[in-house]
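Step one of this worksheet: look at the structure below.
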Amino acid sequence: MLAVLAAVTPAVPSFTPVTPAAANPATDPQTPPPGTLRVVLLSDDGTAAGPDVLVAPGGGPGDQDARLAAVVRDLEADRPRWVWHDTTRWYPRLLAAGVRVERCHDLRLARRILRASAWTARSAWAAQEPGPWDALEPLLPDAVPATPAPDALFDIDVPRDVPAELDPVAELRAQLDVLATASGEPGASARLRLLVAAESAGALVAAEIRHAGLPWDAAVHDAILTDALGPRPRLGVRPARLEALAVRIRDALDAPDLNPDSAPHLLRALGYAGVPVTSTRQWELESVDHPVVAPLLEYKKLYRLYTANGWSWLDAWVHDGRFRPDYVVGGVVTGRWATSGGGALQLPHGVRRAVVADPGWVLVVADAAQLEPRVLAGLAHDERMARAGRGGDLYQGMVDAGAVATRDEAKIGVLGAMYGGTTGQSAVLRPRLAAAYPDAVALVDAAARTGEAGDVVTTRLGRTSPRPGDEWQASQSGAFDESATAADESRARTTTRAWGRFTRNFVVQGTAAEWALCWLATLRGRLHALAPADAAGAAPAPFGRTPHLVYFLHDEVVVHAPAALADDVAAVLRESAAEAGRLLFGAFGVDFPVTVATVESYADAK
DNA sequence: TCCAGGGGCGCG
DNA sequence: AAAGCGCGCCCCTGGA
C-alpha cells in the first residue's frame, strides 16, 4: 500500500487559493479548511485504495503534529510506503512527535535519479524541461529548530516550503510509469526500484541520525583541545601553543612580520630564506631539511584542529551531549552523501576520542573492508577478483593468488585502476593487474573511454553520470578548429582525460554508494527488530532502548546500542552487509566482510 | 564591504 | 610519499 502524505491544503490561506489538487468530490463533499493535511491511500500501482484521511489544523502548538503522528502510527500497522515531496520536510517533525516509519518514497530524490538515468531517457517525462519539482531543494535542518520555542506556531506548513502546485499524487504516478517502462539493462525496472527505495531509506536514516545525534562528550573534546593548543583563548587571539610556534617560524625564517596563516606570505618568506619549495604543502615541506620545517608542520596541524574542530565548532555543533550531522542524501554526483555544515564526513581521527557512548550503552562500529574493489569485482563479474576477496582481505588474496608481490602493491594497483592513475607505481603495476584481472580492468577502462567520448555511464542500479560541462565542450571544439594550436590540443587532451577519470571512477564509487544505501536500509530494519520488549529508555523517542544508527561515513557506520545487545548488533551489521551484496549482485559470489568493534569511544574502533 | 577563487587539509 | 577519484570547510587574497 502507498500512503501519500500529500495533498496539503495551504496553511496560509492568503498564499494561494484553497483548491487541493487531489480533492475528490465523491469523498470530500466539502473543501477542508486551510491547513488540513491529507493522506491519500493508493494501491502499489497508484490506483485509489480507500477514502482519504484528513488531519484537521488548529488547536494549540503541536496539536496538529500530535494528531498527524497518531494517524501515521495507526496506518503503520498496514506497513504502507509513505510517499511525500521530500523527507527533509516531513520526517524530522514526525520523529519529533515520536513516530518512526518503516519505509518511504521520496519524490524529490527519486525524481533526480529517474530524470537523469540512461534507462529512462527515452521517456517523454524525462525529456521535459526542468520545472518546479526540479527546483525543490532539501530543507536545511537549521531552518527547522529541533526544539521549537514553546509558544511557536507549530502547524505543519509544507506549503510555505513547497509550491502548492506540486501535486505528489500526480508526480508519484508519473514516476511509477517511468519505473515500469525503464529499459537498457536486464532488470532495469527492478534495479531502479531498488535504487529509489534505497535512496529513500537513506533519507530516513539521515533524518534519524540527526534526530538521535552522535553521542559527544564536550569535556573530552575540550581536554583534547587544551592539551594540543593550550587553554581556550579570548576571541580573536591565537591559542598559546600556536602563538609560540608562530614565533619559532618567524625566527627560523628571519621574518618578524610573517603571518603563517597566509600561504602567499609564507611562500615568499620561505623563498627569501632559501627553502627550496614551490608550495607550502605538507608533503613538500617534509622533503626539505631546514629548521623552519618542524615548527611549521606542527603549526599547520594544530591550526587545522583549531579552525576546523576547535572550540568554535564545539559551540556551534554540539548541544546536550550530541553532535547532529547535517547530511545531504545524494548530495554528491556519484550518489554519496554530502554534508551542509559541521563537517560530519571529515571528522578527524584525533577528535573521535570525544565520541563516547552513554552509560550502559556501547558504540558498535562497522567498516566495510575494501568496499570499492569488491564492488568492481561484482560489476565486472570478475570471478578471480571475487575469489581473491572471499572470506578475508582482498588485497592479501591478490598476493596469495600470485597476481602481485605485496599487499601494498595490490592496493596501489587497484586504486590506480579505479582512479585512473597514470604515473608512478600505479602505472608500473597496471599491466600485471590487467593480466590477472582482465574483466575488472576492462570495465573501468571502458567507463573511461565512454567519458572521454562525451557519453554517460551508469551504476549497477541505474544512477547515471552527468554529461560533461561547458569546459569540456569548449576544449573539444577548440582543439579541432583550424586555428587550434598545440596548446589548445594539449589542453583538450587534459580535459578529456580528466573527464574519463571521472566516469571511470563514477561507476565504482556510485555503485559502492548504492551498496552502502542497501546496507543502511537493511540495517535500519533489522536494528529496529532488536527492540527490547520495554523499549522506553535513554534515547529520544522513537528509539528508546532500541539500537540505532548515529553515524555514517561512506563505508562505515556507528550504532549506539544498549551494551547487552552489542553482539546482536554485530551480527546484524554482518548479515546486512551480506544482504546488500545479494541485492546488488544476486547470486554472483562476491563477499562483503565488515570489521566490527564494540567500544566505549569511537577512537578505540581502530 | 562583499564575494569568488585558490591554497591547504580533513575524510572516504 | 603521493598518485589517480569524490567531497566540505577554513583562511586569505584580490577584484568589484
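The values are calculated or read from the model by the stated rules, or taken from the named source; none is laboratory data. Keep in mind it's a predicted model, so treat the numbers as computed, not measured. When we count neighbours, we look across all protein chains shown, and the Cβ atoms used for this are built from the backbone with ideal geometry, even at glycine. Surface accessibility is based on the protein's heavy atoms, side chains included, excluding ligands, DNA and RNA. Shrake-Rupley method; radii C 1.70, N 1.55, O 1.52, S 1.80 Å.
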message = Under 8 Å between Cβ atoms, which residue pairs at least 6 apart in sequence (or on different chains) link something in region A:112-133 that is free of Cβ contacts under 8 Å to residues at least 40 places away in the same chain and part of a helix (DSSP H, G or I) with a partner that is of a type outside the set (Phe, Trp, Tyr) and open to solvent by less than 30 Å² (accessible area, probe 1.4 Å)?
response = A:Arg115/A:Ala126; A:Pro132/A:Leu166; A:Trp133/A:Leu107; A:Trp133/A:Arg108; A:Trp133/A:Arg111; A:Trp133/A:Leu166; A:Trp133/A:Glu171
ask   = Do we have A:Val328 as open to solvent by 50 Å² or more (accessible area, probe 1.4 Å), closer than 18 Å to A:Ala513 by Cβ and either within 7 Å of DNA strand C (Cβ to nearest atom) or not assigned by TED's automatic domain parsing to the domain that holds A:Val205 (or both) here?
value = no
task = Could you pull out the residue among A:Ala587, A:Ala605, A:Ala521 that is open to solvent by 10 Å² or more (accessible area, probe 1.4 Å), away from DNA strand B (no atom under 15 Å from the Cβ) and more than 24 Å from A:Pro92 (Cα to Cα)?
result = A:Ala587
Matching option when the condition is within 16 Å of DNA strand C (Cβ to nearest atom), over 20 Å from the mean Cα position of the chain (by Cα), of a type in the set (D, E, K, R) and assigned to a loop (DSSP other than H, G, I, E, B), among A:Arg501, A:Arg467 = A:Arg467
note = Among residues of region A:493-517 being out of contact with any Lys or Arg (no Cβ under 9 Å at 6 or more places or on another chain) and hydrophobic (A, V, I, L, M, F, W, C), the residue nearest to DNA strand B (Cβ to nearest atom) is A:Val508
inquiry  = Pull out all pairs, ordered by first then second residue, where Cβ-Cβ is under 6 Å, the residues are six or more apart or on different chains, the first lies in region A:580-599 and is in contact (Cβ under 8 Å) with a residue 12 or more places away in the chain, and the second is open to solvent by 20 Å² or more (accessible area, probe 1.4 Å) and acidic (Asp, Glu).
reply    = A:Thr595/A:Asp367
task = Starting from residues that are over 21 Å from the mean Cα position of the chain (by Cα) and open to solvent by 10 Å² or more (accessible area, probe 1.4 Å), keep the ones in region A:333-356 and report whichever is nearest to DNA strand C (Cβ to nearest atom).
result = A:Gly350
request  = Kindly indicate which of A:Gly413, A:Gly378 is under 30 Å from A:Val569 (Cβ atoms), in the same structural domain as A:Pro593 (by TED's automatic domain parsing) and touching a helix residue (DSSP H, G or I) at 6+ places or on another chain (Cβ under 6 Å).
outcome  = A:Gly378
task = Mind listing just one residue for me: the one in region A:275-287 that is in contact (Cβ under 8 Å) with a residue 12 or more places away in the chain and within 13 Å of DNA strand C (Cβ to nearest atom) and, of those, most open to solvent (accessible area, probe 1.4 Å)?
result = A:Gln282
query = Applying the selection to region A:389-423, what residues are open to solvent by 10 Å² or more (accessible area, probe 1.4 Å), away from DNA strand B (no atom under 16 Å from the Cβ) and small (Gly, Ala, Ser)?
reply = A:Gly391, A:Gly392, A:Gly397, A:Ala401, A:Gly402, A:Ala403, A:Ala405
ask   = A:Leu302 passes all but one of (1) open to solvent by 30 Å² or more (accessible area, probe 1.4 Å); (2) more than 10 Å from DNA strand C (Cβ to nearest atom); (3) in contact with a helix residue (DSSP H, G or I) (Cβ under 9 Å, 6 or more places away or on another chain); (4) of a type outside the set (S, T, N, Q); which number fails?
value = (1)
request  = Within region A:345-379, track down each residue that is more than 10 Å from DNA strand B (Cβ to nearest atom) and within 22 Å of A:Ile224 (Cβ to Cβ).
outcome  = A:Arg353, A:Ala354, A:Val355, A:Val356, A:Ala357, A:Asp358, A:Pro359, A:Trp361, A:Val362, A:Leu363, A:Val365
message = I need the full set of residues from region A:305-325 which are open to solvent by 40 Å² or more (accessible area, probe 1.4 Å) and among the hydrophobic types (A, V, I, L, M, F, W, C), in order please.
response = A:Ala316, A:Trp317
query = Do the conditions hold for A:Ala201, that is, is it assigned to a helix (DSSP H, G or I) and loosely packed, with under 15 Cβ neighbours inside 10 Å?
reply = no
request  = State which residue is farthest from A:Lys301 (Cα to Cα) when the search covers only region A:246-258 and only residues that are within 12 Å of DNA strand C (Cβ to nearest atom) and open to solvent by less than 60 Å² (accessible area, probe 1.4 Å).
outcome  = A:Leu258
query = Which members of region A:43-98 meet the condition of being among the β-branched types (Val, Ile, Thr) and either part of a helix (DSSP H, G or I) or open to solvent by 20 Å² or more (accessible area, probe 1.4 Å) (or both)?
reply = A:Thr47, A:Val53, A:Val71, A:Val72, A:Thr87, A:Thr88
request  = Could you figure out which of (1) surrounded by 23 or more Cβ atoms within 10 Å (Cβ to Cβ); (2) within 16 Å of DNA strand B (Cβ to nearest atom) isn't true of A:Leu553?
outcome  = (1)
task = Just name the residue that is farthest from A:Leu305 (Cα to Cα) out of those in region A:259-274 that are part of a helix (DSSP H, G or I) and within 11 Å of DNA strand C (Cβ to nearest atom).
result = A:Arg268
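Given the residues A:Val404, A:Val456, which is the only one that is in contact with a strand residue (DSSP E or B) (Cβ under 8 Å, 6 or more places away or on another chain), of a type in the set (Val, Ile, Thr) and not in a helix (DSSP H, G or I)? Step through it out loud before you land on a result.
On the way: A:Val404 fails: in contact with a strand residue (DSSP E or B) (Cβ under 8 Å, 6 or more places away or on another chain).
From the options A:Val404, A:Val456, the qualifying one is A:Val456.
Quick grid of which residues meet (1) within 20 Å of the chain's Cα centre (by Cα); (2) of a type in the set (A, V, I, L, M); (3) under 20 Å from A:Ala369 (Cβ atoms); (4) in a helix (DSSP H, G or I):
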{"position": "A:Pro542", "(1), (2), (3), (4)": "no, no, no, no"}
{"position": "A:Ala561", "(1), (2), (3), (4)": "no, yes, no, no"}
{"position": "A:Val569", "(1), (2), (3), (4)": "no, yes, yes, yes"}
{"position": "A:Glu575", "(1), (2), (3), (4)": "no, no, yes, yes"}
{"position": "A:Ala603", "(1), (2), (3), (4)": "no, yes, yes, yes"}
